[in-house]
1. What number of residues within the stretch 92-119 satisfy the criterion of being within 19 Å of Ile76 (Cα to Cα), out of contact with any strand residue (DSSP E or B) (no Cβ under 7 Å at 6 or more places or on another chain), surrounded by 12 or more Cβ atoms within 10 Å (Cβ to Cβ) and not polar (S, T, N, Q)?
2. Pull up the stretch 9-58, narrow it to residues that are basic (Lys, Arg) and part of a helix (DSSP H, G or I), then point me to the one that is farthest from Ile76 (Cα to Cα).
3. Go over the candidates Thr69, Thr116, Thr150 one by one and state the one that is at pLDDT 95 or above and either of a type outside the set (D, E, K, R) or over 30 Å from Gly25 (Cα atoms) (or both).
4. Given the criteria touching a helix residue (DSSP H, G or I) at 6+ places or on another chain (Cβ under 9 Å), modelled with pLDDT of 90 or more and exposed (fewer than 14 other Cβ atoms within 10 Å of the Cβ), does Glu58 qualify?
5. Search the stretch 5-55 for residues being among the polar types (S, T, N, Q) and at pLDDT 90 or above, and hand back the single one that is surrounded by the most Cβ atoms within 10 Å (Cβ to Cβ).
6. Looking at Gly80, Gly66, Gly89, which is the one that is of a type in the set (Gly, Ala, Ser), in contact with a Ser or Thr (Cβ under 8 Å, 6 or more places away or on another chain) and either within 30 Å of Leu21 (Cβ to Cβ) or surrounded by 14 or more Cβ atoms within 10 Å (Cβ to Cβ) (or both)?
Amino acid sequence: MTHTPKPDCAGRRLTKIRDILDRHGRRASRLVPILQAVQEEYRYLPREVLTEVAAALEVSPARVFGVATFYSHFAIEPKGKHLVKLCDGTACHVKDSIPILEAIRRRLGLKAGQRTTSDRLFTVETVACLGACGLAPVVVVDDQVHGQMTPESAVQLIEDVLAREVAP
């Protein structure tokens with residue numbers, strides 16, 4: 001399921017960006033909340049949007065890009081429809097989170113360094129801690145926490161999402 005923009009998407013995108021900028025008074029001091037709103041709208045921060053934001057706020061594109069890449073919350077690459085987060089904090093790591101990550105990546109056909117499937121259905125990320133150490137190892141799929149995971153149970157979570165994707 002590739003997300004291909006329609007010809008009129010550029011106009012709609014510009015309108016949405018203008019609305020976000022207007023809500024924040026087009027003030028450079030509101031850059032972080034503006035970027036948060038943009039990411040909420042698009043699930044990532046498209047480079048062309050960062051340039052539009054910089055121009056509208058009358059700041060350098062380097063400043064906007066610097067903020068977007070400084071905070072780990074922001075993504076400058078497209079994310080998949082389904083976000084899979086694997087905790088690799090201390091508790092999860094000592095309970096073998098890495099084999100779980102490897103199993104998920106293998107099932108989704110992700111190559112080294114690739115976080116998002118080519119069809120943009122899944123993005124797989126590791127996080128430092130999810131705050132659910134008592135459930136270690138933990139995987140979060142679309143904001144649903146799953147504890148005491150194994151490589152097999154994690155792959156089953158992926159299979160369940162795939163089954164829902166093809167269901168009518």
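1. Residues that pass the stated criteria total 1.
2. Out of the qualifying residues, it is Arg23.
3. Every option except Thr150 fails the conditions.
4. So Glu58 passes the test.
5. Once the filter is applied, the top-ranked residue is Gln39.
6. Exactly one residue qualifies, and that residue is Gly80.
Let's see how each residue does on (1) in contact (Cβ under 8 Å) with a residue 40 or more places away in the chain; (2) not basic (Lys, Arg):
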| position | (1), (2) |
| --- | --- |
| Ser72 | no, yes |
| Gly80 | yes, yes |
| Ser97 | yes, yes |
| Leu101 | no, yes |
| Ile104 | yes, yes |
| Leu108 | yes, yes |
| Arg115 | no, no |
| Gly131 | no, yes |
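The values are calculated or read from the model by the stated rules, or taken from the named source; none is laboratory data. Note that the coordinates shown come from a computational prediction; the quantities given were computed from them, not determined experimentally. Don't worry about glycine lacking a Cβ; one is built from the backbone with ideal geometry, like all the others, and counts go over all protein chains shown.
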